[in-house]
1. Summing -39500 (n - 2.57) over the DSSP H runs of n ≥ 4 in the chain and dividing by its residue number, what mean residue ellipticity at 222 nm do you reach, to the nearest 500 deg cm²/dmol?
2. Counting other beta carbons within 10 Å of each residue's own, what order do 110, 171, 124 fall into, fewest first?
3. Dividing the Cα radius of gyration by the Kirkwood radius, what Rg/Rh value follows for region 1-89?
4. Just add up the charged neighbours of residue 85: K/R +1, D/E -1, any other residue whose Cβ is under 13 Å from the Cβ of residue 85.
5. With angles folded into 0 to 90 degrees, how steeply does helix 35-64 sit against the dominant principal axis of the chain? Use alpha carbons for both and round to 10.
6. For helix 2-26, what angle does its Cα long axis make with the longest principal axis of the chain, in degrees from 0 to 90 and rounded to 10?
7. Fewest first, what order do 21, 93, 164, 132 take by the number of other Cβ atoms within 10 Å?
8. Quick one: work out the % antiparallel among DSSP beta bridges in the chain, nearest 5.
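A short reminder: the numbers here are calculations on the coordinates, not readings from a lab. Because the structure is predicted, anything quoted here is derived from the model rather than measured. Glycine also receives a Cβ, built like all others from the backbone with ideal geometry; neighbour counts cover every protein chain displayed.
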Amino acid sequence: MQSTLVLEIFIGVAGLAIVLMLWLANYRSSDPIPQADVSATGYAIRRYWLWTTLIVAVAVFAFTVPQFPYQKAKADANARHYPVVAQQYSFSMPSTLPLNTPIVFDVTSKDVNHGFGIYGPNDKIFSQVQAMPDYVNHLAVTFTVPGHYTVRCLEYCGIAHAAMQGGFDVK
Ligand SMILES: [Cu+2]
């Protein structure tokens, strides 16, 4: 449903852009104006757009950068750490995890690169990180919804990749 709407909006905008471009390509002024008569206006418009775009871009940048989620990814100093080891084609990790408690998954792999994708009880993705051999990735999370969470490998890792699943209960 949602994806159909996105597709319809995309087709609508693309269609509009095509019509506009065709119209522009065929547009002819009835009386061509000499370059000298329009260059001052043209450069004024160009300057206006340059400054407007710059000011808007800097304002949007200044407003949105502090809202980047990287700060939230920092682990609580008192967070409990849980090891996760991925290997073809399973995950070894705790079967039960605490609710409303800052935790950190220490994620690694025994063989090839895997994905450690956590899906909530509603089956929507909750968080994810890569599981890499000889390297530990730290994924800080706090579960606020109890229930069964499914873990899926999110990186093609071999013939049985699609069946690579795990899970744990949060309570
Ligand atoms: Cu995989």
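1. Details: 2 runs with 55 residues, N = 171.
When only DSSP H runs of four or more count, the value is -11500 deg cm²/dmol.
2. If I rank by nearby Cβ atoms, fewest first, I get 124, 171, 110.
3. 1.27
4. Charge balance near residue 85 sits at -2.
5. Helix 35-64 sits roughly 20 degrees off the main axis of the chain.
6. 20 degrees
7. Details: 21 10, 93 19, 164 22, 132 16.
In increasing order of surrounding Cβ atoms, one gets 21, 132, 93, 164.
8. Taking every DSSP beta bridge within the chain, about 70 percent pair in antiparallel fashion.
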